[in-house]
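Colleague: Have a look at the structure that comes next, please.
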Amino acid sequence: MNYGFFESKGTSRKQLLHEATNFFSCRLITGILDVLIMYVGVNLLGSIGVGVKIFSNIIVIFLNYVASKVYIFKVKNYGDK
């Protein structure tokens, strides 16, 4: 299956569920990282919110891309034939 940029190798329900779980887990983690970067940048360092948000989005987009390419949609052998 093709989900835009990333090609899913999963054909079974178990593989697709595993990929979906990993996908949403990584997005949750990077979402929390976004909030932390914003908090530190604006509240603790006193930076301008828009600049911190741009920086945070660059980091989050990069991490989401790497996680998807390296971790989420990599080929695994689940024992399914």
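The values are calculated or read from the model by the stated rules, or taken from the named source; none is laboratory data. Quick caveat: nothing in here was measured; it's all calculated off a predicted structure. Reconstructed Cβ throughout: ideal geometry from the backbone, glycine too, with neighbour counts over all protein chains shown.
Colleague: Looking at N43, N22, can you tell me which residue is touching a Phe, Trp or Tyr at 6+ places or on another chain (Cβ under 7 Å), modelled with pLDDT of 80 or more and assigned to a helix (DSSP H, G or I)?
Modeller: N22
Colleague: Kindly provide the set of residues from region 59-74 that are at pLDDT below 85 and closer than 14 Å to F24 by Cα, ordered by number.
Modeller: Correct list: Y71, I72, F73.
Colleague: Under 7 Å between Cβ atoms, at least 6 apart or on separate chains: pull out the pairs that start in region 46-70 with a residue that is surrounded by 11 or more Cβ atoms within 10 Å (Cβ to Cβ) and of a type in the set (D, E, K, R) and end on any residue that is assigned to a helix (DSSP H, G or I) and modelled with pLDDT of 95 or more.
Modeller: Listed by first residue and then by second, the contacts come to K53/M38.
Colleague: Contact list please: Cβ distance under 8 Å, first residue in region 13-35 and more than 14 Å from S56 (Cβ to Cβ) and without any contact (Cβ under 8 Å) to a residue 40 or more places away in the chain, second residue outside any helix (DSSP H, G or I) and of a type in the set (G, A, S), pairs at least six apart or on different chains.
Modeller: Within 8 Å, the pairs are L16/S8; L16/G10.
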